[in-house]
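Notes follow the structure.
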Amino acid sequence: MKTFVRCGSLFTGHEDEPRKGEALVFDDAGELLYVGTEAKAPRRAADDRLIDHSGSFVMPGLIDVHTHLAYGNAKSEEDIDLYSPMEFRALRGLFFAQKCAAAGYTAICSPGDAGQISLSIRDAIRAGLFEGPRVTAAGPYLTTHQGLTDWYPTWIGAPETSIGKLVTTLDEAIEEVRRQVKNGVDCIKIALDGIQRRPNGELIAAFTEEETDAIVRETHRLGRKAISHSVGREATLYAARAGVDLIFHGFDLDKECIAAMKKSGSVLSPTLTHPKNLIEFTQPHEPAAQKGRVEITAERYRIGVANLKKAKAAGIPFLTGTDTGFAITPYGEWHARELELFVEDLGFTPAQALRAATEANAKFMTGGDKIGVLEPGRHADFTVWEGSPLADIGILQDKNRLRAVYIGGKELSLADRPFDPRKVTDFALSNWTDLYTRERVAELRGRPRPRLQAAE
Ligand SMILES: [Zn+2]
């Protein structure tokens, strides 16, 4: 039996213009057999199925290359690393992977999670045990004593349940690459930004250039892709020179970084959504606001966008990803905001943003030659929208406009299940953010309590 899908507008992912009055045809295995005009389509047999989306906009399923399935909408790094067993995190991650799919994301890359959580979610979905997106999975980030994800004091180190795997020598780094590849990861993530800065403010890379080269070389030798977290110029440069396949952030990149990326073929996922949400949504009482992170992030964002535009002008491919998994970027909520920010802040056209989130993202993913574009031979992974995201890229964030999501030709049938967020994450033990000295209490006592009085 074949399935015919009548499309009002069809955006294939392979060209900027939508096509009118075309059809998709796929087989029982969910593989596209035909994409084109209805007139030239294969003849429809009596038992073939017809789905009519002739009033809608049909496009490939969206892809987010930066969604952390194990983070659980975390409010702190300790939340991510410490407060729930790996087994719970895997179950929770599967639930949240489904939230992503229900938002129109038929594939996600989970770049850096503790243990084997992401790859277990990937395998459970792939085996048909659960509905969900296609997952490209990494293990813990490789980090050093100078790298992010090695958050805790040296007397604690990076616990087994952390998203960072602390390697203190190059031999240990190579051993960890081999161990993760044996376990079945699709990619190796390197925490390449350090925690130290030069007097001029520049971030010092966590690993040396030689170490970065060796880690990436071993990753590639074993047939896997390398990802780096590189905000700083140095970390971006080392990653680009080493041929890291996907560089996250790159906010401080310069001409030298761009030239190195052009030479090695590294691509960039700036991940604008996380900082933009942090800048716009963080409330004054939040610890992030009290630490001045909002102002610092706003300034770095401004500089970052200016630098990223230069990389775009130079022809570096951009991928869309959001750093979903934090309390500021909950699953299924903000993935498509990245496309809007590509348009508003980086000067992409809506069509370019759509192609970044489909065609370009697919090139990074495992099995990427089967997704991201609607053409014969690829999976029937597509989404159906009311209205055109080419006219308004913002509609991709409106769940009421998402009519249907198909993965491998099967329509996703997930109920929008509510959950209790307090039982899912935020198990940290902190109770107060203020310090109640006599002076502070005197100040509080001297102040009228407008909200309480209003309630009386
Ligand atoms: Zn991330």
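The values are calculated or read from the model by the stated rules, or taken from the named source; none is laboratory data. Bear in mind that the values here come from a model prediction, so they are computed numbers and not experimental data. All Cβ positions, even for glycine, are placed from backbone atoms using ideal geometry, and neighbour counts span all protein chains on display. For accessibility, only protein heavy atoms count, side chains too; no ligands or nucleic acids. Shrake-Rupley method; radii C 1.70, N 1.55, O 1.52, S 1.80 Å.
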**Q.** Members of region 65-94 found to be away from the ligand (no atom under 14 Å from the Cβ), of a type outside the set (S, T, Y) and over 16 Å from the mean Cα position of the chain (by Cα), listed by number
**A.** K75, E78, D79, L82, P85, M86, E87, F88, R89, A90, L91, R92
Q. Which residues, taken from region 186-197, are more than 18 Å from E299 (Cα to Cα) and either more than 18 Å from the chain's Cα centre (by Cα) or not β-branched (V, I, T) (or both)?
A. D186, C187, K189, A191, L192, D193, G194, I195, Q196
Q: Go through (1) open to solvent by less than 20 Å² (accessible area, probe 1.4 Å); (2) touching a helix residue (DSSP H, G or I) at 6+ places or on another chain (Cβ under 6 Å); (3) within 16 Å of the ligand (Cβ to nearest atom); (4) within 19 Å of A226 (Cα to Cα) and name the single condition G147 misses.
A: (2)
Q. How many of the residues in region 249-266 are open to solvent by 10 Å² or more (accessible area, probe 1.4 Å) and either modelled with pLDDT under 95 or within 16 Å of the ligand (Cβ to nearest atom) (or both)?
A. 2
Q: Working only within region 403-441, note down all residues that are out of contact with any helix residue (DSSP H, G or I) (no Cβ under 8 Å at 6 or more places or on another chain) and closer than 30 Å to R378 by Cα.
A: R403, A404, Y406, G408, G409, K410, E411, S413, A415
Q: Kindly provide the set of residues from region 117-134 that are free of Cβ contacts under 8 Å to residues at least 40 places away in the same chain, open to solvent by 70 Å² or more (accessible area, probe 1.4 Å), closer than 17 Å to S413 by Cα and not in a helix (DSSP H, G or I), ordered by number.
A: L129, F130
Q) Would region 184-196 turn up any residue that is charged (D, E, K, R), touching a residue at least 40 places away in the same chain (Cβ under 8 Å), away from the ligand (no atom under 14 Å from the Cβ) and within 20 Å of G368 (Cα to Cα)? A) yes
Q.
Of the residues E31, E87, only one is in contact (Cβ under 8 Å) with a residue 60 or more places away in the chain and open to solvent by 10 Å² or more (accessible area, probe 1.4 Å); which?
A. E31
**Q.** Residues (open to solvent by 40 Å² or more (accessible area, probe 1.4 Å) and within 16 Å of the ligand (Cβ to nearest atom)) located in region 95-116
**A.** none
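Looking only at region 190-223, how many residues end up being outside any strand (DSSP E or B) and buried (at least 24 other Cβ atoms within 10 Å of the Cβ)?
Going through region 190-223 one residue at a time, the tally reaches 7.
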(Q) Quick check on my filter: what residues within region 305-363 are touching a Pro at 6+ places or on another chain (Cβ under 9 Å), open to solvent by less than 20 Å² (accessible area, probe 1.4 Å) and small (G, A, S)? (A) A311, G321, A336, A351, A353, A356, A357, A362
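For D28, indicate whether it is in a loop (DSSP other than H, G, I, E, B), modelled with pLDDT of 95 or more and away from the ligand (no atom under 16 Å from the Cβ).
For D28, the condition - in a loop (DSSP other than H, G, I, E, B), modelled with pLDDT of 95 or more and away from the ligand (no atom under 16 Å from the Cβ) - is met.
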Q) Is it true that some residue in region 334-352 is more than 16 Å from the ligand (Cβ to nearest atom) and β-branched (V, I, T)? A) yes
Q: Considering only residues that are small (G, A, S) and assigned to a strand (DSSP E or B), look in region 46-60 and name the one that is least open to solvent (accessible area, probe 1.4 Å).
A: S56
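Just for region 267-277: of the residues that are open to solvent by less than 10 Å² (accessible area, probe 1.4 Å) and assigned to a helix (DSSP H, G or I), which one is farthest from the ligand (Cβ to nearest atom)? Give the steps one after another, and end with the answer.
First, pick out the residues of region 267-277 that are open to solvent by less than 10 Å² (accessible area, probe 1.4 Å): 268-273, 277.
Okay, now just the ones that are also assigned to a helix (DSSP H, G or I), so 273, 277.
On the way: T273: 11, N277: 13 Å.
Restricting to residues being open to solvent by less than 10 Å² (accessible area, probe 1.4 Å) and assigned to a helix (DSSP H, G or I), the top hit is N277.
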Q.
I'm checking my understanding of the structure. Among residues of region 1-28 that are surrounded by 19 or more Cβ atoms within 10 Å (Cβ to Cβ) and touching a helix residue (DSSP H, G or I) at 6+ places or on another chain (Cβ under 8 Å), which one is farthest from I371 (Cα to Cα)?
A. F11
(Q) Can you pull out every residue in region 67-84 that is crowded, with 19+ Cβ neighbours inside 10 Å and aliphatic (A, V, I, L, M)? (A) L69, A70, A74, I80
Q. Yes or no: L246 modelled with pLDDT of 95 or more and either out of contact with any helix residue (DSSP H, G or I) (no Cβ under 6 Å at 6 or more places or on another chain) or farther than 27 Å from S430 by Cα (or both)?
A. yes
**Q.** G292 more than 16 Å from the ligand (Cβ to nearest atom) and touching a helix residue (DSSP H, G or I) at 6+ places or on another chain (Cβ under 7 Å)
**A.** no
